[in-house]
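**Student:** Before we start, here is the structure in question, set down as structure tokens.
The values are calculated or read from the model by the stated rules, or taken from the named source; none is laboratory data. These numbers come from a predicted model, not from an experiment. Every residue, glycine among them, receives a Cβ derived from its backbone with ideal geometry; neighbour counts consider all protein chains shown. We work out accessible area using only protein heavy atoms, side chains counted, and drop any ligands, DNA or RNA first. Shrake-Rupley method; radii C 1.70, N 1.55, O 1.52, S 1.80 Å.
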Amino acid sequence: IRDSNRIWTLDFFTDQPVGQGALTVEASFSDIENCTQAHNLSDLSIGADGKTGYVQGGYLLPGEVGKGRLQPYLRYEAVSVTGGTSTRFYSSGLNYYLRGHNAKVSFDYSFVSQSNDLREDQPVVTAQVAVGF
């Protein structure tokens with residue numbers, strides 16, 4: 001087991017008004033040596049080396065629906081393990097903001113594509129409620 005680990009990342013985020021709505025784009029890339037945390041649904045495990053990256057874009061729709069606002073989004077994520085396998089995540093989702101990020105409900109559908117026969121490709125559905133005080 002190696003005694004040291006290294007990670008470097010490059011991140012980007014923008015949130016720009018577009019008409020009565022807003023366009024949000026975020027992206028990240030990480031190069032990891034001696035990973036300290038496993039990545040769910042991929043082969044990136046503790047002690048492995050690999051690269052991860054994602055890009056996500058969403059549009060906050062103008063006007064309210066009920067007491068909140070809707071934001072549909074799309075995301076692509078890739079995880080590649082050095083000397084191992086790759087995993088791709090294709091996702092779409094919907095955020096419902098009741099009080100900005102202090103009260104939000106999210107629904108996400110992802111299709112997880114594996115580059116090996118050890119794991120099956122699979123859909124993943126996630127529902128999340130976030131409340132800040």
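**Student:** Restricting to segment 14-54, and then to whatever is under 13 Å from the mean Cα position of the chain (by Cα) and open to solvent by 70 Å² or more (accessible area, probe 1.4 Å), can you tell me which residue is nearest to S92 (Cα to Cα)?
**Tutor:** In this case the residue turns out to be Y54.
**Student:** Look at V105 and say whether it is at pLDDT 90 or above and open to solvent by less than 70 Å² (accessible area, probe 1.4 Å).
**Tutor:** yes
**Student:** Moving on. Counting only residues that are assigned to a loop (DSSP other than H, G, I, E, B), open to solvent by less than 70 Å² (accessible area, probe 1.4 Å) and without any contact (Cβ under 8 Å) to a residue 40 or more places away in the chain, how many does segment 72-102 have? Give the derivation first.
**Tutor:** Going through segment 72-102, the residues assigned to a loop (DSSP other than H, G, I, E, B) turn out to be 82-85, 98, 100, 102.
Next, from what is left, pick out any that are open to solvent by less than 70 Å² (accessible area, probe 1.4 Å): 84-85, 100.
Then drop every residue that is not without any contact (Cβ under 8 Å) to a residue 40 or more places away in the chain, which leaves 100.
Qualifying residue count for the region: 1.
**Student:** Quick check on R69: is it open to solvent by 20 Å² or more (accessible area, probe 1.4 Å), out of contact with any helix residue (DSSP H, G or I) (no Cβ under 8 Å at 6 or more places or on another chain) and at pLDDT 95 or above?
**Tutor:** Against the criterion (open to solvent by 20 Å² or more (accessible area, probe 1.4 Å), out of contact with any helix residue (DSSP H, G or I) (no Cβ under 8 Å at 6 or more places or on another chain) and at pLDDT 95 or above), R69 qualifies.
**Student:** For segment 108-127, how many residues meet the condition of being modelled with pLDDT of 85 or more and part of a loop (DSSP other than H, G, I, E, B)?
**Tutor:** Applying the first criterion (modelled with pLDDT of 85 or more) to segment 108-127 yields 108-113, 121-127.
Remaining after also requiring part of a loop (DSSP other than H, G, I, E, B): 121.
The total comes to 1.
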